[in-house]
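In what follows, a structure is listed as structure tokens, so that the remarks can point back to it.
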Amino acid sequence: MKTPIQCKLCGKRKRFHPYAERKFAWTCNQCKKARQPKTTVVCASCGRTNTLRASCVAKHDYYLCGPCDKNNAYIHPPRADGMVRIIDLNAAGGFIGFTTRMATEEELESVEHAKAIKEAASGMLGFEDSENHWIN
Ligand SMILES: [Zn+2]
Ligand SMILES: [Zn+2]
């Protein structure tokens, strides 16, 4: 015997197999989609906001909007020795995400390496890691 169960949000009915009967609180796919949590990211420089689905936002310490990142007016918080700044160009729909955290051994080596390159060829800002983040 299949038992019809109502979506607790829109009331749509669906029949479940007996093994699913204890699923008395059920939400249909449409309602689930509509209820996906949203997140608002705020540009740390100009205060512009961007609201998008939480699953589309990578978590970072702070964000800058595209124009603010380009005009470079924002003064980033100081970075202690042994810390790296992760720059995520695709953090949140046109916003760039920044995270400062302790560097891993590997990154420290890479930073040293990047510094060496920087000294050799000026104008180099950082390097790209395997996840397409810039580390500076
Ligand atoms: Zn529903
Ligand atoms: Zn901005």
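Derivation of every value follows stated rules applied to the coordinates shown; laboratory data play no part. For clarity, every value in this text was computed on a predicted model and none was experimentally measured. Positions of Cβ are backbone-derived with ideal geometry, glycine not excepted, and every protein chain shown enters the neighbour counts.
Filtering GLN30, GLN36 for residues that are more than 23 Å from the chain's Cα centre (by Cα) and over 30 Å from GLU105 (Cβ atoms) leaves a single hit, GLN30.
Does region 75-97 contain any residue that is outside any strand (DSSP E or B) and among the charged types (D, E, K, R)? Yes, that holds for at least one residue. For region 27-70, the set of residues classified as free of Cβ contacts under 8 Å to residues at least 24 places away in the same chain, within 16 Å of ligand 2 (Cβ to nearest atom), part of a helix (DSSP H, G or I) and surrounded by 11 or more Cβ atoms within 10 Å (Cβ to Cβ) consists of PRO67 only. Residue selection: ARG79 satisfies the criterion of being under 30 Å from LYS115 (Cα atoms) and charged (D, E, K, R).
With respect to being out of contact with any Lys or Arg (no Cβ under 9 Å at 6 or more places or on another chain) and surrounded by 15 or more Cβ atoms within 10 Å (Cβ to Cβ), VAL84 falls outside the description.
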